[in-house]
Amino acid sequence: MNIILLGPPGAGKGTQARRLVEARGMTQLSTGDMLREARTSGTEMGQRVAEVMDRGELVTDDIVIGLIEEKLEADPDGSFIFDGFPRTLAQADALGDLLDRHGTPLHCVIEMQVDDAALVARITARSTCASCGEVYNDLTRPIPDDGKCVVCGGTEFIRRADDNEESLKTRLLAYYKQTSPLIGYYYAKGALKSVDGLGEIDAVAAAIEEALG
Ligand SMILES: [Zn+2]
């Protein structure tokens, strides 16, 4: 089963992807993670990624598609969660073609709906464990009083430098311009399922489970 998690920055896609990884043994494919991994992999594709990034250029769609293809080939029976990709209609077409070629269809696209004001409040409150990446939020899921990560016991937490209101608005605008057309695109394909992304993490996870059927 392959799914795409779609939603604006801060909608909780990463958190829910991690839930699905744990609950269903799915593999989360996030573009940033794949690029970092490729750089150190020593493969031919990794070499290309390193060259492009070292030149300070943006990684092209066909490189990302190539990385995804490597993952599909390495685990032909795997179930994948696409998190942060596709971001554009061209990428959506390319991903569709790739999945068709491998005979592993897209099960559905989960759109996580949230409103802007709530997003701003949520994203500026967010931090992650420096050791294991567990996500915390001052409003909904604070770091425990003893200052230790509930998962790994780590005591260091990171706030993303770009987690401020201005940069969030820039990222939201990019989402509305580039990525939100994907909602209509997948709706037309009959693949879109929408969930309320504003609830408690457990409630959102339950809604996603229901959407997956
Ligand atoms: Zn941790």
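No lab work stands behind these numbers, since they all come straight from the coordinates. Keep in mind that this is a model prediction, so the values were computed, not measured. All Cβ positions, even for glycine, are placed from backbone atoms using ideal geometry, and neighbour counts span all protein chains on display.
Of all beta bridges that DSSP places with both ends in region 29-160, some 75 percent have antiparallel geometry. Please say if the chain is rounded, prolate or oblate, where rounded means a/c under 1.5 for a ≥ b ≥ c the square roots of the C-alpha gyration tensor eigenvalues, and otherwise the choice is prolate for a/b larger than b/c and oblate otherwise? Cα axes put the chain in the rounded bin.
Taking each residue as 0.36 nm, the span from Phe157 to Met53 lengthens on full extension beyond its C-alpha to C-alpha distance by 34.7 nm.
Here the chain is treated with +1 on each Lys and Arg Cβ and -1 on each Asp and Glu Cβ, and its dipole about the Cα centre works out to around 260 debye. Between Ser79 and Ala206, the C-beta separation translates, for a Förster distance of 22 Å, into a calculated FRET efficiency of about 0.70. If the segment from Ser41 to Asp62 were pulled out straight at 0.36 nm per residue, it would be longer than the present Cα-Cα gap by 5.8 nm.
Derived scalar couplings between HN and Hα for region 92-100 equal 5, 4, 5, 5, x, 4, 4, 5, 4 Hz in order, rounded to whole Hz, by the Karplus curve 6.51 cos²θ - 1.76 cosθ + 1.60 (θ = phi - 60°), x for Gly and Pro.
Assigning unit charges at the beta carbon (Lys, Arg +1; Asp, Glu -1) and nothing else, what dipole magnitude in debye, to the nearest 20, does region 45-84 show about its Cα centre? It works out to roughly 140 debye.
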